[in-house]
1. Just to be sure before I move on: is ALA248 surrounded by 18 or more Cβ atoms within 10 Å (Cβ to Cβ) and either in contact (Cβ under 8 Å) with a residue 24 or more places away in the chain or outside any loop (DSSP other than H, G, I, E, B) (or both) in the structure I sent?
2. Being open to solvent by 10 Å² or more (accessible area, probe 1.4 Å), touching a Ser or Thr at 6+ places or on another chain (Cβ under 7 Å) and either part of a loop (DSSP other than H, G, I, E, B) or not charged (D, E, K, R) (or both) narrows it down to one residue among LEU231, LEU260; which is it?
3. Looking at this structure, is THR199 over 32 Å from the mean Cα position of the chain (by Cα) and either open to solvent by 20 Å² or more (accessible area, probe 1.4 Å) or within 21 Å of LEU312 (Cα to Cα) (or both)?
4. Sort through GLU211, GLU197, GLU164, GLU141 and tell me the only one that's more than 30 Å from ASN268 (Cβ to Cβ) and in a helix (DSSP H, G or I).
5. Are any residues in region 214-225 in a strand (DSSP E or B) and open to solvent by 50 Å² or more (accessible area, probe 1.4 Å), and if so, which ones?
6. Looking at region 72-83, is at least one residue in contact with a Lys or Arg (Cβ under 6 Å, 6 or more places away or on another chain) and in contact (Cβ under 8 Å) with a residue 40 or more places away in the chain?
7. From the residues in region 309-335 that are closer than 17 Å to ILE256 by Cβ and touching a residue at least 40 places away in the same chain (Cβ under 8 Å), which one is nearest to the chain's Cα centre (by Cα)?
8. Just a yes or no: is a residue in region 154-168 touching an Asp or Glu at 6+ places or on another chain (Cβ under 9 Å) and not small (Gly, Ala, Ser)?
Amino acid sequence: MSSAAAPIIVVEDDPFPRILQVILDPNASAERRAAFADFMAHDLPDFAGWCERVRREAPGLYPADVRLVNSQAELRANLPEASAVVVESLQIGRAELAIARRLKAVQKYGVIMRNIDIAACTAANVEVLTLRRRANIACAEHALAMMLTLARKLHRITGLISVEQLTAAGYSPTSFDRRHTASSGWPRITGLKMLYESTLGIIGMGEIGRELALRAAAFGMRVRYYQRNRLSADEERECHAEYAPLDALLADSDWISLQLPATDATRNFIGRKQFAAMKRGAILINVSRAALVDRDALIEALKSGHLGGFALDPLYEEPGRADDELLGFDNVILTPHTAAQPRFNALNDFNDLITGLARALAR
């Protein structure tokens, strides 16, 4: 394909979708290519070879002119020549479609379609594609793993199998009279919990929040959620979740999971007031951004015992510090920004996305 015939693909600029420029646009800078190769190296040493394989699986899409845009105005400025658009939050409606005469496909980087007018796309003969992002599923799994770890105290008792180890750790192991009782629980680990029949409150029912809700429901948890805009009745049924005002959610939930973007409006979303509103012993899970939780208020709530536990990924500082005060609490889990991993989550997502776009543009 000559450069003159290269499809123009307009992509909402974001750290992950930028990879489309590296894969599909031969004019992508060497610096960006090297940065992505380094970013993927621990899971994919041969990033360049992977790119070549993806290109072969998407005939007609390489070489492309990939244009990254940061605003609705930039999107509209590039739409008249666009063959395809990849968006996460930017709007595609009637006004955009009216100037996008060459547009064949709109790719949503996700599955929630509130920013795309599907009816208008159908009327304009523009195919709408979605992507159930593996990284979002991984984040939901990570949140659930953190809940299970804190519930079963796995981070504290794994490897403690002898009387000596358990005693040194502060437990009181014993031997039961097997003529009368079973032997389970001989280490006398107190404070273990189950997820079953407990209440999970999810703050933010976006892509990750919905993935978490589905998995929590499978564990037999009662799922409640809060966000500014309530889901439709059909969406609530699909997620097995019921809406609750924030104060009620905080007061009733045994587990609280934050699934909000980090913005000026959400900074310190959970502070002293919100911790006080939580039921005593509730456990807070945050696999969104650390800045959503006021660190000083968090430490106060842990020290007082009002907060029953806390799990965080990513950290307040990256890399973290070995002397972080949070590491001193036996009911806290910190992981180093691994919730969305492995890298193959994103790599497989973009492989699927690119082959889907190739099919759409070939029609």
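1. In short, no.
2. Criteria check complete, one pass: LEU260.
3. No, not satisfied.
4. The conditions single out GLU164.
5. Within region 214-225, just ARG222 meets the criteria.
6. Among the residues of region 72-83, at least one is in contact with a Lys or Arg (Cβ under 6 Å, 6 or more places away or on another chain) and in contact (Cβ under 8 Å) with a residue 40 or more places away in the chain, which makes the answer yes.
7. ASP313
8. yes
The values are calculated or read from the model by the stated rules, or taken from the named source; none is laboratory data. Just so it is clear, the structure is predicted and the values come from calculations on it, not from any experiment. Backbone-built Cβ (ideal geometry, glycine too); neighbour counts: all protein chains shown. The accessibility values were calculated without ligands, DNA or RNA, using every heavy atom of the protein model including side chains. Shrake-Rupley method; radii C 1.70, N 1.55, O 1.52, S 1.80 Å.
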